[in-house]
Amino acid sequence: MQNFYIIGTDSGAGVTYVTCALLRDLAARGMDAMGFKPVACGDRKEAREIRTATGQENYRLEAINPVYLRTLAEPIVAAEFEHKSLSLSELIQGYEQLASAHHIVLADSCGGWETPLGAGVSVAQLAEALALPVIIVANNRPGAASLVKLTADAIRSRGLKCHGVILNHISEEWSTASVTNAHVISELCNLPILAELIHGQDELDSCEILGF
């Protein structure tokens with residue numbers, strides 16, 4: 001089995017939506033899988049959605065989401081407002097505890113690749129420390145190809161494997177870009193398109209995407 005780090009190209013790409021769809025499918029297949037939400041700001045809605053997706057409603061929320069900040073802001077700002085310090089070691093420890101208890105862990109990123117989490121700590125540094133293959137989730141809209149390329153290049157620059165791209169069609173409307181993004185991204189980034197979610201689709205084939 002293999003754990004994965006799932007990250008969006010920008011805010012609203014639907015990372016938790018995709019993570020939950022994968023976790024539901026894994027649970028339906030009888031796989032021992034859990035989601036990891038390192039940092040949550042404002043509320044724990046996404047962490048609760050992850051827990052629900054696994055079918056384990058009594059699972060301890062603090063294990064899924066070790067760092068919860070009540071202020072709705074960038075993690076580094078929320079932590080400062082609440083007079084808390086956020087350390088990389090704390091997040092790594094939270095992941096390792098889940099990884100030791102489950103066969104599969106899907107880490108749901110807390111922001112884009114360069115999102116600052118604390119003093120000297122970023123999403124990129126956390127991903128590098130966990131050393132997991134990365135799945136990129138992109139809103140299937142005009143401009144997606146550029147955002148995927150920037151994210152993929154940044155991932156590879158840290159020596160990490162980019163497993164592929166999931167295109168998530170947030171809008172009900174379609175454009176020429178929405179139809180052609182898969183081809184453009186595949187050619188531009190030399191990456192497989194793992195799935196294309198149409199608007200409202202909440203099911204994914206975890207076997208096809210994750211490879212097991």
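Read the figures in this text as sums done on the coordinates, not as results from a lab. In this text the structure is predicted, and so the values were computed from the model without any measurement. Neighbour counts are summed over all protein chains in view; Cβ atoms, including those assigned to glycine, are modelled from backbone coordinates with ideal geometry.
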Review point. Label-point separation (nm) for Ala63 and Ser171, each offset 7 Å from Cα along Cα-to-Cβ?
Key: 4.2
Study note, to complete from the structure: Using alpha carbon centers only, region 52-67 is separated from region 26-46 by a whole-angstrom value of 6
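Quick check: residue separation of Gln97 and Glu208 times 0.36 nm, minus the Cα distance between them. What number comes out in nm?
Working: separation 111, 0.36 × 111 = 39.96 nm, distance 2.70 nm.
Once the chain is fully extended between Gln97 and Glu208, it gains 37.3 nm.
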Study note, to complete from the structure: Two pseudo-spin positions, 7 Å from Cα along C-beta at Thr71 and at Gln56, lie apart in nanometres by 3.2
Exercise for review: Could you work out how far the C-alpha centroid of region 137-212 sits from that of region 103-133, in angstrom?
Suggested key: 19
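Calculate the dipole size of region 4-210 relative to its Cα centre from +1 charges on Lys and Arg beta carbons and -1 charges on Asp and Glu beta carbons; express the result in debye to the nearest 20. Walk me through the numbers before you get to the answer.
Details: 15 positive and 25 negative charges, 62 e Å.
That gives region 4-210 a dipole magnitude of about 300 debye.
Suppose we keep just the DSSP beta bridges with both residues in the chain; what percent of those would be antiparallel, to 5? Provide the component values of the computation, followed by the final result.
Numbers: 2 of 26 bridges.
Of the beta bridges lying entirely in the chain, close to 10 percent run antiparallel.
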Check your understanding: Which percent of the Cα-Cα distances in region 131-209 go past 18 Å?
Key -> 38
Check your understanding: Which entry is the computed Rg/Rh (Cα atoms, Kirkwood Rh) for this structure: (1) 1.00; (2) 0.95; (3) 1.04?
Key -> (2)
Check your understanding: Which entries of Lys84/Lys149; Lys45/Lys149; Lys45/Lys84 show an alpha-carbon separation above 25 angstrom in the structure shown?
Key -> Lys84/Lys149; Lys45/Lys149
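Multiply the residue separation of Phe81 and Ala131 by 0.36 nm, subtract the distance between their alpha-carbon atoms, and state the gained length in nm to one decimal.
Taking 0.36 nm per residue and subtracting the Cα distance, the gain is 15.0 nm.
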Practice item. Name all residues of region 115-148 having a backbone nitrogen under 13 Å from the label point set 7 Å from the Cα of Val184 along its Cα→Cβ direction, giving them as ranges. Key: 139-148
